[in-house]
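Accompanying notes for the structure given below.
The values are calculated or read from the model by the stated rules, or taken from the named source; none is laboratory data. Predicted, not measured: the structure shown is a model, and the values here were computed from it. Please note: Cβ atoms are built from the backbone with ideal geometry, for glycine as well, and neighbour counts cover all protein chains shown. Just the protein is used for accessible areas: all its heavy atoms, side chains included, with ligands, DNA and RNA removed. Shrake-Rupley method; radii C 1.70, N 1.55, O 1.52, S 1.80 Å.
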Protein chains: 2
Amino acid sequence: MGTTQPGSVQEPKYWHLKTVLSEALDSDFTVGEVLPNERDLAARFGVARATLRQALEQLELEGRLQRRRGVGTTVAPPRVGVAVTGARHSGAADDADEAWQPLDCTTAEAPAAVCAMLDADAGEPLHVVRRIRVAQGQVVAAELLYVPASSVPELSGIEAPSGPVRARNVVRELHRLDLVGQDRSVELGSARADDAKELDRLPGAPVLVVTTRYLAPAGTAAVSVATYRADTCRLTFGDSGALEISHEEQERRAS
Amino acid sequence: MGTTQPGSVQEPKYWHLKTVLSEALDSDFTVGEVLPNERDLAARFGVARATLRQALEQLELEGRLQRRRGVGTTVAPPRVGVAVTGARHSGAADDADEAWQPLDCTTAEAPAAVCAMLDADAGEPLHVVRRIRVAQGQVVAAELLYVPASSVPELSGIEAPSGPVRARNVVRELHRLDLVGQDRSVELGSARADDAKELDRLPGAPVLVVTTRYLAPAGTAAVSVATYRADTCRLTFGDSGALEISHEEQERRAS
């Protein structure tokens with residue numbers, strides 16, 4: 001494919017090996033299968049172990065391999081497509097919201113960066129809702145949802161002072177607001193210790209950090225910081241749920 | 001902040017060091033400043049070099065540090081916010097399109113995964129447009145845009161058989177189509193050799209892979225696979241350009 005082939009550029013040894021290994025995974029291995037140990041693999045492909053390790057790291061980045069202590073290196077299943085946005089016209093309610101399980105709700109001050117996004121004064125108390133997202137039986141994301149007390153004045157403190165019920169109430173009140181839309185950013189990050197625990201990863205594991213602003217006419221009503229497993233997730237942003245689903249299905253068929 | 005602090009979970013040594021280093025970067029260092037060498041840093045913080053290295057890798061993942069051969073480890077500037085979507089209502093024209101510089105256009109067959117997304121028969125010829133995206137004077141993304149010949153029947157082959165002009169013509173024809181929208185996915189990947197060269201990275205460097213389907217009433221008119229530098233980019237998805245810009249500005253002020 002002309003310029004589209006790695007071959008068109010002088011490439012390092014580990015990169016060529018990665019390509020060869022990738023083809024071997026398709027032809028000789030099945031999903032979940034444990035790879036031979038590094039010594040055997042290095043011998044099989046006639047490369048130094050350092051080169052092999054670099055190639056394995058690439059394949060892990062690309063979600064082709066999983067490395068788990070005690071298990072070894074296994075062939076990864078296709079990444080899970082996780083819908084971050086649904087239908088365009090529903091600015092207000094987050095279509096993916098049902099997918100989130102509230103764990104807890106505390107009252108706290110926001111980090112400086114969150115304050116700036118909320119146009120809130122540092123020190124203004126916020127409801128901090130902690131949620132996890134499960135897809136195909138796996139925790140794929142951990143979230144902190146920052147909701148200024150002033151955004152949800154209707155919230156009853158008596159009803160439930162803390163815990164999952166409180167968390168659900170805060171989310172409910174948030175969605176009662178006349179939200180005009182959301183904006184998001186996605187960047188690479190490393191899992192915080194508490195997120196890593198939820199995600200069953202080591203602290204510092206690569207994650208996709210999705211920061212969402214919930215926009216009300218008066219300004220930003222809430223900010224969500226969600227960390228998704230970068231190894232197993234593909235984030236999808238759709239014009240319409242239907243199209244997205246058919247997209248998912250196509251990819252599943254293709255893979 | 002209760003559950004939001006890493007301290008709430010038992011954390012590995014390198015993770016604690018990362019937190020300490022992160023604070024030191026804020027207080028003792030300026031953007032672009034070169035860090036002391038690993039031996040000195042390890043001594044300064046009283047840790048083993050292996051532990052230090054792990055912590056530095058975390059900070060690199062988070063975009064706080066840049067490691068460049070010949071230069072050493074420097075304090076990274078804040079990530080560049082790159083708008084992947086603009087105003088919601090403009091399904092057809094990609095607002096960010098002006099940001100893309102066409103490099104070349106070849107005629108080729110699509111990879112199997114792209115064929116599946118295009119509902120195209122393997123072997124159907126496609127226009128493959130290669131573009132790069134520049135933000136703040138830096139190449140932040142390299143793209144391959146796959147446009148089936150059947151999607152742009154008006155395209156004149158005589159006008160320009162190949163090269164940048166041909167690429168511009170294909171994009172122009174694509175935007176003449178009555179596109180109904182786009183859907184996207186974002187996932188972690190490693191830079192292909194040719195993309196890495198455009199992005200001034202080594203092959204295999206972490207990238208954010210954005211796959212976009214251009215949707216026409218008849219089906220998928222084109223597929224774009226864009227790789228963004230994960231170290232320096234934060235991808236933004238906005239409800240409205242205006243909001244996005246103010247968001248950017250806020251973050252710049254906050255940082």
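Per-structure values
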| read-out | value |
| --- | --- |
| Relative contact order %, region B:6-75, counting alpha carbon pairs below 8 Å whose residues are six or more apart | 40 percent |
| Quarter of Cα convex hull surface for region B:6-75, i.e. mean projection, nm² | 4.7 nm² |
| Label distances, nm, B:LEU202 versus same residue in remaining copies, Cβ-directed 7 Å point | 1.9 |
| Solvent-accessible area per residue, Å², over region B:6-75 with all protein chains present [probe radius 1.4 Å] | 55 Å² |
| Amide H contacts of B:GLN101 (H built 1.01 Å from N, under 5 Å, at least 5 apart or other chain) | B:ILE132, B:ARG133, B:VAL134 |
| Shortest-first distances to equivalent copies, position B:ARG49, nm, label 7 Å out along Cβ | 2.0 |
| Residues A:ASP200 and A:ARG172, FRET efficiency given R0 of 35 Å [Cβ-Cβ distance, rounded to 0.05] | 0.75 |
| Label-point separation, A:ALA112 to B:SER22 (7 Å along Cα→Cβ), nm | 1.3 nm |
| Chain-alone versus full-assembly comparison, region B:189-204, residues with accessible loss of at least 50 Å² (1.4 Å probe) | B:SER190, B:ALA193, B:ASP194, B:PRO203 |
| Amide H contacts of B:VAL80 (H built 1.01 Å from N, under 5 Å, at least 5 apart or other chain) | B:CYS233, B:ARG234 |
| Accessible area expressed per residue, region A:140-201, with surrounding protein chains retained (probe 1.4 Å, Å²) | 39 Å² |
| When each of A:LYS18/A:LYS197; A:LYS13/B:LYS197; A:LYS18/B:LYS197; A:LYS13/B:LYS18 is checked by Cα-Cα distance, pairs over 20 Å | A:LYS18/A:LYS197; A:LYS13/B:LYS18 |
| 3J(HN,Hα) from dihedral phi, region A:178-183, Karplus parametrisation 6.51/-1.76/1.60, rounded to Hz, x for glycine, proline | 7, 6, 9, x, 9, 10 |
| Chain pair B, A: total accessible area buried, heavy atoms, 1.4 Å probe, Å² | 5500 Å² |
| Exam field: B:ASP104 pseudo-label spacings to other copies (7 Å along Cα-Cβ), nanometres | 5.4 |
| Convex hull volume of region B:123-182 per residue (C-alpha atoms, cubic angstrom) | 117 Å³ |
| HN-Hα J in Hz across region A:69-81 - Karplus 6.51, -1.76, 1.60, θ = phi - 60°, x for Gly and Pro | 4, x, 9, x, 9, 10, 6, 7, x, x, 4, 7, x |
| With every protein chain in place, region A:6-75: carbon and sulfur % of accessible area (1.4 Å) | 50 percent |
| Of all accessible heavy-atom area on region B:156-230, the percent that carbon and sulfur account for (1.4 Å) | 56 percent |
